[in-house]
Amino acid sequence: MEFQIIWFILWGLLWAVYFALDGFDLGAGVLYPFISKSEIDKKAVLHAIGPVWNGNEVWLITAGGATFAAFPTTYAYMFSYLYTPLLIILFALIFRGVAVELRGKSTSEGMKKLWDFWVFVGSFIPALLFGVAFGNIFMGLPFDDSGYYGTLFSLLKPYGLLVGLLFLFTFIVHGGLWVSLRVPDELANRAITKAKKIWYLQAISAVLFFIFTAVFTNLYDNFVKTPVWFIVPALTVVCLLLTGFYLIKNKNGRAFVFSALFIITLFFSGVIGIYPNLIPSSIDPKYSLTIFDSSSSTYTLKIMTIVVIIFVPIVLFYQAWTYKTFMYKITEKELKEEGY
């Protein structure tokens, strides 16, 4: 297997893992003002994501870094063409991080309300715009050898917005499940109640995604050529249904696992569809950036592969230890003793 293909798979995997991990704390941030009825509730939600949210965002840096190192031309074009939405996402993530860290240190009610606002907005914007950005990549961006012809508003097409809403609803469900596993029972019940309602919106948007993908994109071409790959979107549907099934059964741990698998398989359905492209051109396929004409040298990819083999297992072990250490039910006594 060529190193370009290996790194295309790793590229997709890094983004998928990021969405599966940071997705739940983005979703928790969106739910934050709707399930928190008291100061204790707010502390509980932030405490639920507090030990892990920063580590989850490491995967975003890794995904961006891998794009830069393995496919530098794609990185340059992607961060040029999508500069405005990615910059908005970056600032939203910065403000969210500041809000999560500083809210517990504020004594003024006005400042706490300000940080509460940024926890919500700083979670809502990335959840929506990441979906819009990748929806447009799946559909193809308007560029040729003369440059890019799109704007921020041209990204807000029906299909891009649909994928954005699918990401948003998915992250909210994912976040509600995570919160339910960590917070006191009354708050956990409110989080699950919201997640159950949003799941129906998630399911509707997923159905529309698979229908309109056939209308607005060429993603299914690769699946038609190699039908065995249909197993990936089929698994996506199964994971979505099992998430809803276990939600109804109040088996939140299992629902959370299948929610994460839904995110990973959903994203890989798109990744498989665009292969061998990284940024398809909606003007003419000949202008598309592929993994072969935008990659680093074979030597560079070999060195990067060795680095990944050595260090990624260490990162995975550390993050698994972190999750195991902090996977316990938070008590009101703990919240009262610790500021956040």
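Could you pull out every one of the lysines with an alpha carbon less than 30 Å from that of LYS302, ignoring same-chain neighbours closer than 8 positions? Answer for LYS302, where 30 Å is the Cα cut-off: LYS225, LYS286, listed by chain and number. Highest mean first, the peptides 9-17, 293-301 sorted by other C-beta atoms within 10 Å per residue fall in the order 9-17, 293-301.
Size descriptors for the chain (Cα atoms only): Rg and Dmax, in that order, 20.1, 62 Å. Each of PHE134, PHE245 has some number of other Cβ atoms within 10 Å of its Cβ, and from fewest to most they run PHE245, PHE134. Structure remark: mean-square fluctuation, Gaussian network model of the chain, C-alpha springs under 10 Å; the largest value among LYS43, LYS225, LYS196 belongs to LYS225. Neighbour counting of Cβ atoms within 10 Å sorts the residues LEU114, LEU82, fewest neighbours leading, into LEU114, LEU82. Which entries of LYS113/LYS157; LYS249/LYS324; LYS194/LYS249; LYS251/LYS324; LYS43/LYS112 have Cα-Cα distances beyond 22 Å here? Exceeds cut-off: LYS113/LYS157; LYS249/LYS324. Taking the fewest neighbouring Cβ atoms within 10 Å as the starting point, the ordered list for ASP145, ASP22, ASP116, ASP41 is ASP145, ASP116, ASP41, ASP22. Of ILE88, VAL119, TYR149, which is farthest on the positive side of the dipole of the range 3-337, counting Cα position, with +1 on Lys and Arg Cβ, -1 on Asp and Glu Cβ, and the Cα centre as origin? Positive-end residue among those listed: VAL119. For the pair ALA214 and ASN54, the difference between a 0.36 nm per residue extended length and the Cα-Cα distance amounts to 53.9 nm.
Zone of TYR328 (label point 7 Å along Cα→Cβ, backbone N under 17 Å): which residues in the range 177-216? Residues 181-185 fall inside that zone. Only DSSP H runs of four or more residues enter the estimate; each adds -39500 (n - 2.57), and after division by the residues of the chain the mean residue ellipticity at 222 nm equals -26000 deg cm²/dmol.
Highest average first, the peptides 85-94, 24-33 ordered by how many other beta carbon atoms sit within 10 Å of their residues are 24-33, 85-94.
What base-10 log of the normalised intensity I(q)/I(0) is obtained for the range 7-157 from the Debye formula, alpha carbons as equal point scatterers, at q = 0.09, 0.11, 0.12, 0.20 Å⁻¹? Results for the range 7-157 at q = 0.09, 0.11, 0.12, 0.20 Å⁻¹ read -0.33, -0.48, -0.56, -1.22.
Think of each Lys and Arg Cβ as +1 and each Asp and Glu Cβ as -1; about the Cα centre, that makes the dipole of the range 3-337 roughly 920 debye.
Bear in mind that the values in this text are calculations on the coordinates, not laboratory data. Being a predicted model, the structure only gives us computed values, none of them experimental. Neighbour counts run over all protein chains shown; Cβ positions are idealised from the backbone, glycine included.
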